[in-house]
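The values are calculated or read from the model by the stated rules, or taken from the named source; none is laboratory data. Given the structure is predicted, the values throughout are model-derived calculations rather than measurements. All Cβ positions, glycine included, derive from the backbone under ideal geometry; neighbour counts span all protein chains shown. The protein model used for the area step is the full one, side chains on, heavy atoms only, and it has no ligands, DNA or RNA in it. Shrake-Rupley method; radii C 1.70, N 1.55, O 1.52, S 1.80 Å.
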Amino acid sequence: MALQSGEKLPMFIGHIWSKQKSRWTLLGLRLLAFLAAAAATLVMVLNKQTKTFVVATIGTTPVNLTLTAKFHHTPAFVFFAIANGLVSIHNLVMIMMDLLGSKFDYKGFQFPMIASLDMLNLALVSGGANAAAFMAELGKNGNSHARWDKICDKFGPYCDRGAGALIASFLALALMLLISFLSILNHKLVNSSSHNSHNNIIALPN
Amino acid sequence: MAETKRIFTFLLRFIAFCTTLSAVIIMISSRQRATVLVFSFEAKYSDTPAFKYFVIVNAIVSIYGFLVLFLPSKSLLWRLVVALDAVFTILLTSSISAALAIAYVGEKGNPIAGWLPICDQVTKYCNQVKGALIVGFISVVLYMLLFLYSLHTVLNPLLLEKS
């Protein structure tokens, strides 16, 4: 296992963090992130609740109003579903690349591409998760200044399922953060190909 | 070549700092007093947690942008700047998407939940919030560019070695 010149690492890190173990750890984390993002997408897309309200009574017959809460009434949830769908596709492609794509390397572009794409998808999933989180907060607490009532007391199961999707998405976000950090660290620590040795120096951007 | 690159990055960071600062200022100064029937209420940015989050994140990023402008070019802290660029870009995208989601509800309402749009009653406040969000969006784009540039110089130093 090659250690670069100029980087001194304690000996025990070299023994614990072997190339095989790090590869399987990273793969396992990517699988978890894929499952979390896919679960978030599915739960949000299939989130639907129909409820009948009694609005008035004419004589003895009640007038019913049936309302359906679907995810596509709220653009923030649509963005959430699309962002999590894209992120789960990204993680799936990265898993495939890890398992099958070790010969698709063009002038050493593979590692910077993977790192950049990881970061970009991290930004995407953070945007989606946060927008849906604030919309959910609005639905749960309402906004007295704008005269918007909270709706979670009427559509309880819809809100609960949405909360589950949000939790899965934030879990995917945390996992992707860990994956980005670990994959860059992994590439710097465990680098066996000799022609990449000049890539190991972290250059100053100026 | 390296000199133009440095000047260009400095200029980009300066413009990004200006946009985040103006987003904060425009959002904070947006308020309007309106009377609906017998109620007189004041629409402020602090009524909505999403706008408060937007202001806080943009304030933090503008402080960071201001400090980075004064970093000497050969300092070792540029590696930290790369990591912090990533973190703050991600925070900025999340803040702008949250603020946009709530602003959309304010503009168009949500008929299923019975939420009426409020932009007709407080037009000046609404327009100022829209302006702050547009400036915030520009700052997101600029910080994304800066982040990609930092990532590129760290991960692919072959181009740096040629120059």
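Figures for the structure shown
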| quantity | calculated |
| --- | --- |
| Complete set of residues in the range B:45-70 that are touching a residue at least 40 places away in the same chain (Cβ under 8 Å) and either touching a Pro at 6+ places or on another chain (Cβ under 8 Å) or over 28 Å from B:Ile7 (Cβ atoms) (or both) | B:Tyr45, B:Thr48, B:Ala50, B:Phe51, B:Tyr53, B:Phe54 |
| Hits in the range B:79-110 - residues which are among the charged types (D, E, K, R) and either within 18 Å of B:Val122 (Cα to Cα) or at pLDDT 90 or above (or both) | B:Asp85, B:Glu107, B:Lys108 |
| Every residue from the range A:43-72 that is part of a helix (DSSP H, G or I) and open to solvent by less than 70 Å² (accessible area, probe 1.4 Å) | A:Val43, A:Met44, A:Val45, A:Phe71 |
| Odd one out for A:Gly127 among (1) touching a residue at least 24 places away in the same chain (Cβ under 8 Å); (2) more than 7 Å from every other protein chain (Cβ to nearest Cβ); (3) crowded, with 16+ Cβ neighbours inside 10 Å | (2) |
| Helices (runs of 4 or more DSSP H) completely within the range B:48-163 that count 1 or more residues being open to solvent by less than 10 Å² (accessible area, probe 1.4 Å) and more than 9 Å from chain A (Cβ to nearest Cβ) | B:49-69, B:78-108, B:123-155 |
| Condition broken by B:Phe41, with the remaining ones in (1) more than 29 Å from B:Leu142 (Cβ to Cβ); (2) in contact (Cβ under 8 Å) with a residue 60 or more places away in the chain satisfied | (2) |
| Residue match in the range A:109-130 (condition: touching a Pro at 6+ places or on another chain (Cβ under 8 Å) and either assigned to a helix (DSSP H, G or I) or more than 30 Å from A:Thr74 (Cα to Cα) (or both)) | no |
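Quick grid of which residues meet (1) open to solvent by less than 30 Å² (accessible area, probe 1.4 Å); (2) of a type in the set (A, V, I, L, M, F, W, C):
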| residue | (1), (2) |
| --- | --- |
| A:Asn91 | yes, no |
| A:Gln110 | no, no |
| A:Leu117 | no, yes |
| A:Ser169 | yes, no |
